[in-house]
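First up is the structure itself, then whatever we jot down about it.
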Amino acid sequence: MSDPLVYPKSGRRSQNCPQQTHLKLTENGLVWQENGNRQSLSSDEILGVEKMSGNPLGFVVSACPTIARRSWEPRRSPRTRTLYKKAFICKSEAQRSRWVGAIAAALPDNPRRRWWVAVNPVSGRRRGWQIFEQVRPVLEAAGVQLTAIATTHPGHVRDLVRNIDLSQYDGLALVGGDGIVHEAIAGLASREDAENALKTPIAPIPAGTGNGLCKALLDAATEAYDPIAAALAIAKGRPRPLDLAAIAHRGRRYYSLLSLSWAIVSEVDIHSERLRFLGSLRTDLYAIWQILKLPTYRARFSFLPYDRANLLTENHLKNSQTLEKDWQTIEAEFIVFWAMNVPWSAYNLKPAPLAHLSDGAIDVVAIRRGVSRWQVLRAFLKCATGDHLTLPGVEYYKVAAFTLDPFVQNSIISLDGEAIAADSVNIEVLPGKARVMSLETTI
Ligand SMILES: Nc1ncnc2c1ncn2[C@@H]1O[C@H](COP(=O)(O)OP(=O)(O)OP(=O)(O)O)[C@@H](O)[C@H]1O
């Protein structure tokens, strides 16, 4: 559809705009001229179109385009998005109706419009509700209906999700950190209809301190890590499978979506909570403190290697054990023990660069006794970009299942950031057990 009779309107700046434009609806989106420049919005970016209130000739297109990189931003970093509203004025009401109808018809239908939203107001820097208010207009512009609640106590999301009528919703959005996503999964898994319930699409909106799952999803879609892109995954994305790990510990069964860590990693994860007021700096400072102390933790680690050697490049194989279909056992003093379901454990930490959201494997990064403080510190620093795998002392195992028997009294295991006593744990991968919203074009 192409129409020369459409005039642009840019609010207070309308006097600077050309008198006339030529709006075109192509199979890729909208194209028009403004101040002599060609402007466009692709159909991937357009959220919706609506008649302008107060002007019978106007209509407004809402979109989430990427914004131009600033001069100091690295060229390879993904570009952030913003909510953008573009107003057009038609010559007649009939023409406006034609445009609104044509644009709406050209947008792909969103089969998932009804979302339940839990907002943790105290996660991260206590900006959960503010972040929800930031993304709400994006979702509403896309016609998403929201039923939002604020959590009031730990375990609240798990209890609500256990009892919620899932037939009323197309997905669960979680504004907070990985902790409330973990709770939502626990709630779904504890239902009588768990098998089906776990297929409910989940969408994390980052407001916590770590947000490893959200970072992993956005990074896989080459999107910048920000709440708007996370919300766009609800409006324009598709559900994709996510492996879960089933954990047997002291007769109980847990589900993990992110990580199981022990040794200095769990010490940092759990004990740095007391430095919460420092934001994400808390883990960095606590990690440096632990590396200076360099405690070691004895354990038996038995694992079933995951037979996909082609996923490992030659370089990484140097640090990996031989891949065989049998269980293997290592008894050692560990400094680092970090089992990851996804590449990112936090938005700024990529311990498992070879992990994939649904490859049926858990990636274990370990450092044993015998390396210097300097080497551990280097591995920790390189971990920010996932470039630590080739460093001396860093071991990497891709496994389908494992058992960890810690021989240390009074240590803790961190399961998706929540503490459990360091006792024998059995972990098994449940391939594609859950579903998460993603902007990836090929899944
Ligand atoms: N209103 C509340 N008051 C206190 N704790 C809460 C409340 N709502 C949720 N929680 C608990 O807060 C914990 C952490 O939540 P969340 O994961 O959202 O944030 P975070 O810890 O800052 O983020 P991350 O897990 O990414 O570090 C969860 O275990 C949850 O049970």
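The values are calculated or read from the model by the stated rules, or taken from the named source; none is laboratory data. Everything numeric here is computed off the predicted structure, so don't read it as measured data. Counting neighbours? That spans all protein chains shown, and the Cβs are built from the backbone with ideal geometry, glycine included. Keep in mind that these areas ignore ligands, DNA and RNA; they rest on the heavy atoms of the full protein, side chains included. Shrake-Rupley method; radii C 1.70, N 1.55, O 1.52, S 1.80 Å.
Overview of values
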{"quantity": "Residues (away from the ligand (no atom under 16 Å from the Cβ) and either buried (at least 20 other Cβ atoms within 10 Å of the Cβ) or under 14 Å from ALA235 (Cα atoms) (or both)) located in the range 130-159", "calculated": "ARG136, PRO137, VAL138, LEU139, GLU140, ALA141, ALA142, GLY143, VAL144, GLN145, LEU146"}
{"quantity": "Inter-residue pairs, beta-carbon under 7 Å, first free of Cβ contacts under 8 Å to residues at least 40 places away in the same chain and within 12 Å of PRO154 (Cβ to Cβ) and in the range 174-188, second within 8 Å of the ligand (Cβ to nearest atom) and open to solvent by 10 Å² or more (accessible area, probe 1.4 Å), 6+ apart", "calculated": "GLU183/ARG158"}
{"quantity": "Members of the range 174-209 that are of a type in the set (A, V, I, L, M, F, W, C) and within 15 Å of the ligand (Cβ to nearest atom)", "calculated": "LEU174, VAL175, ILE180, VAL181, ALA184, ILE185, ALA186, ILE202, ALA203, ILE205, ALA207"}
{"quantity": "Residue within the range 411-425 that is within 16 Å of the ligand (Cβ to nearest atom) and out of contact with any helix residue (DSSP H, G or I) (no Cβ under 9 Å at 6 or more places or on another chain) present", "calculated": "yes"}
{"quantity": "Only one of ALA299, ALA263, ALA248 that is open to solvent by 40 Å² or more (accessible area, probe 1.4 Å) and modelled with pLDDT of 75 or more", "calculated": "ALA248"}
{"quantity": "Test: residue in the range 222-240 that is open to solvent by less than 10 Å² (accessible area, probe 1.4 Å) and within 16 Å of the ligand (Cβ to nearest atom)", "calculated": "yes"}
{"quantity": "Some residue of the range 160-168 being open to solvent by less than 80 Å² (accessible area, probe 1.4 Å), under 11 Å from GLU183 (Cβ atoms) and in the same structural domain as ASP193 (by TED's automatic domain parsing)", "calculated": "yes"}
{"quantity": "So THR390, is it among the hydroxyl-bearing types (Ser, Thr, Tyr) and either closer than 30 Å to GLU195 by Cα or out of contact with any helix residue (DSSP H, G or I) (no Cβ under 9 Å at 6 or more places or on another chain) (or both)", "calculated": "no"}
{"quantity": "Elements of type strands (runs of 3 or more DSSP E) contained in the range 24-120, each with 3 or more residues being small (Gly, Ala, Ser), at pLDDT 90 or above and not assigned by TED's automatic domain parsing to the domain that holds ASP226", "calculated": "58-63"}
{"quantity": "GLY212 within 15 Å of the ligand (Cβ to nearest atom) and more than 15 Å from the chain's Cα centre (by Cα)", "calculated": "no"}
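Residues are listed down the side, and each one gets a yes or a no for (1) at positive phi; (2) over 18 Å from the mean Cα position of the chain (by Cα); (3) not assigned by TED's automatic domain parsing to the domain that holds LEU304; (4) not in a strand (DSSP E or B):
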{"position": "ILE335", "(1), (2), (3), (4)": "no, yes, no, no"}
{"position": "HIS356", "(1), (2), (3), (4)": "no, no, no, yes"}
{"position": "ARG368", "(1), (2), (3), (4)": "no, yes, no, no"}
{"position": "THR385", "(1), (2), (3), (4)": "no, no, no, yes"}
{"position": "LEU391", "(1), (2), (3), (4)": "no, yes, no, yes"}
{"position": "ALA400", "(1), (2), (3), (4)": "no, yes, no, no"}
